[in-house]
Amino acid sequence: MNKAKPPADSCLPWAASALFGAAMGCVAWSLTVWARAYCDAGYDAGGRFELNILLPLVVIIEAFVGLAARAIAHRLVHAAPATVRMSLPPLLVVAATAGLAWWLFATRGTLDGYPGDSGLCPATNVPPQWPAWMPA
């Protein structure tokens, strides 16, 4: 009369969520560094020090956001149909980590009003290559 135990959930989706978040953190950090260097706004010695301190913080925070979004989605889809259970957690992880990456670029990468010296960017310090449809 031994009853079989239900299989445990795989840890692979959780690890993938954390790794995706960490990768988004690296992308956000490199985009921020690129924008500051291109516009020469806040890329002095103090700015580079700030960005180097931000690198591990951004990667860790983005990994945590990926895990938190996965946990929230896991709780939301407990009794949902299979298609929703499979699609909502990855979508929520992507939306949460991309939103945080965009926020980092908008607040730390484009220092509005900071006197940039390169002459390649307007006073808002948003590089001209940045898409106009995406606010910064």
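A few comments on the model shown:
- Every listed requirement among (1) without any contact (Cβ under 8 Å) to a residue 12 or more places away in the chain; (2) more than 12 Å from the chain's Cα centre (by Cα); (3) closer than 26 Å to residue 130 by Cα is met by residue 110 save one, (1).
- Residue selection: residue 56 satisfies the criterion of being out of contact with any helix residue (DSSP H, G or I) (no Cβ under 8 Å at 6 or more places or on another chain) and not hydroxyl-bearing (Ser, Thr, Tyr).
- Checking each residue of the range 74-87 against the condition of being closer than 20 Å to residue 10 by Cβ and in contact (Cβ under 8 Å) with a residue 24 or more places away in the chain gives no match.
- Selection within the range 88-129 - at pLDDT below 85 and aromatic (Phe, Trp, Tyr): 114
- Members of the range 81-136 found to be of a type in the set (Phe, Trp, Tyr) and either closer than 29 Å to residue 46 by Cα or crowded, with 16+ Cβ neighbours inside 10 Å (or both), listed by number: 102, 103, 105, 114, 130
- Residue 70 being open to solvent by less than 60 Å² (accessible area, probe 1.4 Å), among the charged types (D, E, K, R) and either modelled with pLDDT of 90 or more or over 15 Å from residue 33 (Cα atoms) (or both): yes
- Of the residues making up the range 40-62, those that are modelled with pLDDT of 85 or more and either open to solvent by less than 20 Å² (accessible area, probe 1.4 Å) or closer than 19 Å to residue 124 by Cα (or both) are 51, 58, 62.
- Criterion: of a type outside the set (A, V, I, L, M) and in contact (Cβ under 8 Å) with a residue 40 or more places away in the chain - qualifying residue of 48, 70: 70
The values are calculated or read from the model by the stated rules, or taken from the named source; none is laboratory data. Please read all numbers here as calculations on a predicted model, not as lab measurements. We place every Cβ from the backbone using ideal geometry, glycine too, and count neighbours over all the protein chains shown. Just so you know, the surface numbers come from the protein's heavy atoms only, side chains and all, with ligands and any DNA or RNA stripped out. Shrake-Rupley method; radii C 1.70, N 1.55, O 1.52, S 1.80 Å.
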